[in-house]
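Engineer: Structure in structure tokens, see below.
The values are calculated or read from the model by the stated rules, or taken from the named source; none is laboratory data. Since we're looking at a predicted model, the values are computed, not measured. Neighbour counts run over all protein chains shown; Cβ positions are idealised from the backbone, glycine included. With ligands, DNA and RNA removed, areas are computed over all heavy atoms of the protein, side chains included. Shrake-Rupley method; radii C 1.70, N 1.55, O 1.52, S 1.80 Å.
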Amino acid sequence: SVSLSCTLLDLATGALTYVDAGHGAPTVALGTGRFARLAATSGPPVGVVEDATYAEGAVRLPPGSTLLLHTAGLTDAHAASGESFGDERLQAALDGSRDRGATGLVATAFAAVDRFAGDAPPPVDINVIALRYRAPAPG
């Protein structure tokens with residue numbers, strides 16, 4: 001089985017459509033707002049359920065929005081105590097970031113997980129992609 005997330009952004013309109021197969025919905029800050037996970041559309045990982053169907057989620061990104069896609073390794077990272085990093089810590093770190101650009105937010109996410117986990121072994125994988133949506137150029 002494979003967890004999978006498929007996200008499509010229409011650059012002309014800001015329309016974002018996403019599907020989740022055991023992976024987790026994207027984290028987004030609409031405009032200059034706070035970060036939050038989008039509504040879950042979670043279906044089973046690919047290959048687990050024969051003929052599985054998957055629901056789509058949709059939202060329109062206003063200009064200035066930031067989208068963060070990540071593997072579960074980011075929020076599943078554990079401290080030596082066994083406590084996991086989780087969505088709330090991720091959102092707090094992103095909201096508190098001085099740099100709301102995509103590169104800065106990726107660095108913020110990794111730094112927050114590193115501080116939290118300390119000497120605990122890292123999860124199998126942590127992958128993070130961020131993008132900042134800007135209004136299309138006129139004409």
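Engineer: So, for the chain, what is the accessible surface per residue at a probe of 1.4 Å, expressed in square angstrom?
Structural biologist: On a per-residue basis, the chain sits at 56 Å².
Engineer: Work through the residues other than LEU38 whose Cβ is under 15 Å from its Cβ and net out their charges, Lys, Arg +1 and Asp, Glu -1.
Structural biologist: Local charge sum for LEU38: 0.
Engineer: Only Cα pairs under 8 Å and at least 6 apart count here; give the relative contact order of the chain as a rounded whole percent.
Structural biologist: Rounded, it is 25 percent for the chain.
Engineer: May I pose another question? When ranked by the protection proxy of mean other Cβ atoms within 10 Å per residue, highest first, what sequence do the peptides 14-26, 116-128, 35-47 form?
Structural biologist: The densest-packed peptide leads the list: 14-26, 35-47, 116-128.
Engineer: Oh, and also: With the cut-off at 1.5 for a/c, could you classify the stretch 30-103 from its C-alpha gyration tensor as rounded, prolate or oblate?
Structural biologist: Oblate, since a/c reaches 1.5 and b/c is not below a/b.
Engineer: Would you calculate a helix-derived [θ] at 222 nm for the chain, using -39,500 (n - 2.57) for each DSSP H run of n ≥ 4 and dividing by the full residue count, to the nearest 500?
Structural biologist: -6500 deg cm²/dmol
Engineer: In whole angstrom, how far apart do the alpha carbon centroids of the stretch 41-65 and the stretch 66-110 sit?
Structural biologist: After rounding, the separation between the Cα centres reads 21 Å.
Engineer: Can I ask one more? If you keep only loop residues by DSSP, which trypsin sites (Lys or Arg not before Pro) in the stretch 39-108 have at most 12 other Cβ atoms within 10 Å of their Cβ?
Structural biologist: ARG98
Engineer: Amide H to amide H under 5 Å from SER65: which residues, 5+ apart in sequence or cross-chain, H placed 1.01 Å off N in plane?
Structural biologist: Those lying under 5 Å, H to H, from SER65 are GLY31, TYR133.
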